[in-house]
Every structure is written in C-alpha cells, then in structure tokens.
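Heads up, the thing below is written out as structure tokens.
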Amino acid sequence: MDHAQAPVLEALSAYHRRGTLSFTPPGHKQGAGADPRVVEVLGDGVFASDILAMNGLDDRRMGHGVLEHAQRLMADAVRAEHTFFSTCGSSLSVKSAMLAVAGPHEKLLVSRNAHKSVIAGLIIAGIEPVWVSPRWDAGHHFSHPPGPEQVAAALDRAPDARGMLLVSPTAYGTCADVRAIGDLCHRAGKALVVDEAWGAHLPFHPDLPTWAMDAGADVCVTSVHKMGAGLEQGSVFHLQGDLVGPDTLKLREDLLGTTSPSVLVYAGLDGWRRQMVEHGRSLLGNALDLAGRLRDEIARLPGLCALSCELVGPGLAFGHDPLIVVIDVSELGTSGYAVSDWLFDERAIAVGLADHRRVVVQITHADTEQSTGTLLDALAELSTLRGTLPPPAAVALPSPAGLELETAMLPRTAFFGPVEQIPVERSPGRVAAEMASPYPPGVPAVCPGERISQEVADYLRTGAEAGMYVPDCTDPSLRTLRVVAE
C-alpha cells in the first residue's frame with residue numbers, strides 16, 4: 001500500500017480548497033461564529049478543520065471511503081488484518097473489544113491491574129470477571145502484568161470463560177509475555193484482548209517490546225495520543241484471526257461510540273501512521289538514545305534512581321519499555337507526589353504519573369536534547385534539596401495478599417443495586433458499590449462487588465491524606481465510601 005497517502009488529511013485539504021458553504025453542524029461553521037477570544041487561544045486551524053465526517057470529509061453516504069482507506073493503511077502499517085479508529089479514547093475501544101468477546105453473565109478473564117475503563121465495561125455489559133492476579137512487586141510496591149502461570153491457573157478455575165483481557169504495557173512501562181499468554185488462551189479456544197494503550201509506538205522499532213499483534217493477540221487496543229502523535233482521545237483497535245469477527249467488533253463499537261466523531265482526531269491518527277511508516281524507526285531510535293542517556297545521568301544524581309532492569313525478571317515483569325522512565329525519589333526523603341508538585345510549580349515541568357515514591361516520565365519521538373536537558377537540570381536541582389522537601393506522609397501500603405479482594409457479587413449488581421455511604425473506617429467487610437482508582441494510572445484499588453479489606457481501606461484513607469488523587473469516588477476526599485446496602 002502507498003503509505004505516502006494520508007486519506008483523511010487529503011480529504012480535509014480538498015474540503016478547504018472547495019470552499020464548502022456549510023449549513024450543518026458544527027455551529028461555529030469553520031470558526032465564523034467562534035468567539036475571537038477562543039480563536040486567539042485555539043487558533044484558526046482548529047475551527048477550520050472541525051467538520052463533519054459525513055457530508056463534509058466525505059459525501060452523505062461516505063461513498064468515497066476516506067475513513068475506510070485510512071483504516072486499511074493503518075492495519076497494513078502495523079501488520080493487523082483489520083483496524084478501527086476511535087475518537088473516544090481507548091476507554092471506549094477497550095469496552096468495544098470486551099463486548100465483542102463476552103456478553104451479559106458470561107465470564108471473562110481480566111487482569112486485576114486493569115484500568116478503570118475495563119471495570120466500567122464489566123459494569124455496563126454485566127460480564128462476570130474472573131480476576132487474574134498480577135505479579136506483585138513487594139520491593140517496589142506496585143504490580144506488573146500477570147505471567148503465564150497466573151493465566152493458566154485462571155483458565156483452570158474458569159474453563160467456560162470466553163476469553164481474556166490483558167494489560168500490557170502498564171503505565172510504568174512493564175510488559176507481559178503476550179505470546180505465551182496468547183498461546184495458553186488459543187489452546188483453550190479463547191480470544192486474547194490486549195489493552196496496549198501505552199504501546200501504540202511498539203510496532204515501529206525493533207528495540208521496543210514486541211507488540212501485541214506480532215505476539216498473537218486477537219484484539220489490541222492502543223492510545224495513539226499517549227506515546228504517539230495523535231490528539232487526545234485518538235485511539236485505534238486492531239484485529240486478527242478468526243476468534244473475533246470484524247463485523248461483531250464494529251457493531252460493539254457502534255453501540256458505544258459517538259455519532260459525532262472528531263475529524264480532527266481522525267486526521268491526527270492518519271498523519272501519525274504516515275509519519276511512523278516513513279520515519280518511525282529513526283525517530284524512535286533517537287528517542288531511545290535520549291531515554292538511555294537520561295537514565296545514565298539520573299543515576300549520577302544523589303537520591304534519585306531510574307528503574308529499568310530492576311523491574312524485569314522471575315516473578316516480576318517480562319519486559320520493560322525503555323521510553324518509560326520510572327524515577328524512584330524515596331532516597332530524597334520525600335514522595336513522588338511532592339516531587340511532581342515541585343516540578344510543576346517551580347519548573348513548569350509536568351510528569352505523567354506520581355505515586356508515594358516515584359514519578360514517571362514518557363520520552364517520545366517529540367523529545368530533544370533540549371527537553372530532556374531541561375528535565376535533567378530540574379532533577380539535578382531537586383537532588384540538592386534533600387532534607388528540605390515535604391516528608392512523605394505515612395501511606396499504609398497494602399501487602400500483595402491484602403490487595404487480593406474477595407468478589408462477592410457481579411460488578412454490575414453492586415453498582416446499580418441499593419447502596420449506602422459510610423465512613424471509610426467502617427468499610428472493611430462491606431461490599432464496594434463504586435470504584436476507587438488512584439489516578440494516574442487509574443487502576444482501581446477496589447471494584448464494585450469486591451469485599452473491602454482493612455488493608456485497602458487504610459491504603460485509600462492514608463493515600464488520600466498523602467495527596468493521592470482518586471477522582472471516581474462519590475466522596476473524593478475518601479472520608480466515606482459507597483457500599484452495597486445491607
């Protein structure tokens with residue numbers, strides 16, 4: 001296929017050249033009705049290219065196949081059989097994939113370190129989750145994707161499960177052995193869906209972890225806005241094999257997706273694919289070099305440690321994306337929350353993730369010696385502030401066993417049933433009726449239908465006091481929790 005083409009961008013350009021007079025949404029009519037103060041911030045181009053897909057980018061019957069052509073090019077670029085664009089983020093894409101594999105009251109193996117969007121999919125569909133325990137890293141106090149042994153045990157427990165949802169890479173860049181897990185699923189006749197939201201770039205450089213389609217996954221969901229160059233909410237899901245039908249997957253997406261897709265987002269996806277096919281290897285090679293040098297320089301700074309190989313090994317992660325730089329700041333006598341706040345407030349630097357002892361930065365093909373140098377200068381100054389930064393609040397970190405909660409009822413039943421709001425101190429032993437997801441990365445510490453343990457209750461309470469952000473609870477202060485009424 002001719003990857004110099006960018007069908008969406010070319011159709012947009014043709015729309016501009018025609019000077020089309022629009023009597024359709026959007027009501028700003030290519031910026032003519034937009035408040036000039038808004039245009040001053042967003043720019044003319046945003047409004048000029050914010051057009052309808054139907055009777056705008058394409059004709060009223062989508063007869064020119066602009067979007068279909070762009071999706072075929074994307075599939076070819078990443079060695080998938082079918083590709084679908086989503087303008088609602090991977091939060092929608094992963095729900096579509098789940099519903100294409102399992103339906104109401106059917107079982108689905110789900111990695112317990114899944115994003116909250118996966119749990120939302122379980123609630124919406126009424127799917128019964130069979131939780132697959134991740135590999136708990138007690139030394140670093142976070143989880144890695146499950147290994148084949150955890151998946152095999154789950155398949156033995158639930159031979160009637162329709163398939164599996166696996167998260168790889170995590171927001172910390174740690175990866176699963178997707179090929180081995182896929183082989184286990186396929187031998188049992190089960191489809192493997194991989195939530196690879198953090199891995200859109202993986203197909204385009206050999207020194208990155210193997211991406212899910214190459215490792216045999218049936219469906220793979222990627223967020224191009226995370227590690228690629230797509231606009232926010234730009235997501236793509238890919239399909240291969242015969243365990244999930246393309247028509248079924250498209251119907252599920254149509255059930256959940258918007259009827260007003262953003263052409264701006266489509267254009268970003270289309271252009272990024274062309275960029276990666278033509279220049280991805282060199283661009284990502286430069287990014288890998290930058291990330292490697294950044295790690296080496298961080299290693300020389302007192303009180304800071306850039307983790308990578310320490311995260312990989314028996315009982316830990318199968319692999320790690322070197323473009324995700326995980327920086328342990330605990331030796332500075334402070335928390336990742338405090339470091340994130342200092343970088344943002346004092347040096348106008350935003351990091352992607354902060355927790356009780358780490359910050360995480362993503363290096364992409366957009367980075368340069370200047371951007372990583374600015375970050376390194378800030379970290380060097382930070383390392384001199386040891387003893388003056390806010391001490392970490394006492395977060396009651398749960399043990400791996402304390403995170404293994406009992407599932408007392410279906411997530412859907414708990415979420416939609418009678419509930420009551422109680423003080424968090426009284427929640428142990430009760431069944432949760434809401435998610436509590438420290439964000440980022442947005443992995444629920446407790447899901448609807450799970451019986452809350454003392455350790456998890458203490459973790460949520462002390463974490464919120466330490467600066468942890470938990471946006472999905474009814475009471476974001478976490479003084480109270482919503483539980484199933486007794």
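The values are calculated or read from the model by the stated rules, or taken from the named source; none is laboratory data. The model shown is predicted, which means the values in this text are computed figures rather than measured ones. Positions of Cβ are backbone-derived with ideal geometry, glycine not excepted, and every protein chain shown enters the neighbour counts. With ligands, DNA and RNA removed, areas are computed over all heavy atoms of the protein, side chains included. Shrake-Rupley method; radii C 1.70, N 1.55, O 1.52, S 1.80 Å.
DSSP beta bridges confined to the chain are antiparallel in about 70 percent of cases. The gain in end-to-end length when the C309 to A401 segment is fully stretched comes to 30.6 nm, 0.36 nm per residue minus the alpha carbon separation.
Overall dimensions of region 1-140, expressed as equivalent-ellipsoid semi-axes from the Cα gyration tensor (√(5λ), whole Å, largest first), are 39, 20, 16.
Counting alpha carbon pairs within less than 8 Å and at least 6 residues apart, what relative contact order, in whole percent, applies to region 200-351?
On the way: 148 pairs, mean separation 26.3, N = 152.
Taking the mean separation of contacting Cα pairs over the length of region 200-351, I get 17 percent.
Sparsely packed loop sites in region 443-486 (the trypsin sites (Lys or Arg not before Pro) outside DSSP H, G, I, E and B with at most 14 other Cβ atoms within 10 Å) comprise R479.
Computed from label points 7 Å out along Cα-Cβ, the spacing between S260 and D207 is 4.5 nm.
Estimated at the nearest 10 Å², the accessible area of L376 is 40 Å² with a 1.4 Å probe. From the Cα gyration tensor of region 172-265, with a ≥ b ≥ c the square roots of its eigenvalues, which class applies: rounded if a/c is under 1.5, or else prolate if a/b is larger than b/c, or else oblate? Oblate, since a/c reaches 1.5 and b/c is not below a/b. Roughly how many nanometres apart are two label points built 7 Å out from the Cα toward the Cβ at E381 and R300? Distance between label points: 1.9 nm.
Using just its DSSP H runs of length 4 or more, each adding -39500 (n - 2.57), the chain gives a mean residue ellipticity at 222 nm of -11500 deg cm²/dmol after division by all residues. Kirkwood Rh over alpha-carbon pairs of region 303-453, then Stokes-Einstein at 37 °C and 0.692 mPa s: what D in µm² s⁻¹, rounded to an integer? In µm²/s, the coefficient rounds to 182.
Enumerate by residue number the chymotrypsin sites (Phe, Trp or Tyr not before Pro) in region 1-79 meeting two conditions: DSSP loop (anything except H, G, I, E, B), and at most 11 other Cβ atoms within 10 Å of the site's Cβ.
Details: sites: Y15, F23, F47; in loops: F23.
Answer by residue number: F23.
Computed extension gain for V38 through R179, at 0.36 nm per residue and net of the alpha carbon distance, reaches 45.9 nm. Taking the Cα centre of each part, how many Å lie between region 284-361 and region 472-486? After rounding, the separation between the Cα centres reads 32 Å.
Here the simple spin-label model places points 7 Å from the Cα toward Cβ, and for A153 and R347 these points are separated by 4.1 nm. If R0 is 25 Å, the Cβ-Cβ spacing of D76 and H28 corresponds to a FRET efficiency of close to 0.10.
Going by a ≥ b ≥ c, the root eigenvalues of the Cα gyration tensor, does region 301-384 fall in the rounded group (a/c under 1.5), the prolate group (a/b larger than b/c) or the oblate group? Cα axes put region 301-384 in the oblate bin.
How would region 117-169 be classified by its alpha-carbon gyration tensor: rounded, prolate or oblate, with rounded meaning a/c under 1.5 and the a/b versus b/c comparison settling the rest? The shape class here is oblate. Rounded to the nearest 0.05, the FRET efficiency derived from the C-beta distance between N55 and E420 at R0 = 51 Å is 0.55. 3J(HN,Hα) along region 186-197: 5, 5, 8, x, 10, 7, 10, 9, 10, 7, 10, 3 Hz, from the Karplus curve 6.51 cos²θ - 1.76 cosθ + 1.60 with θ = phi - 60°, whole Hz, x for Gly and Pro. If the segment from M62 to T413 were pulled out straight at 0.36 nm per residue, it would be longer than the present Cα-Cα gap by 122.3 nm.
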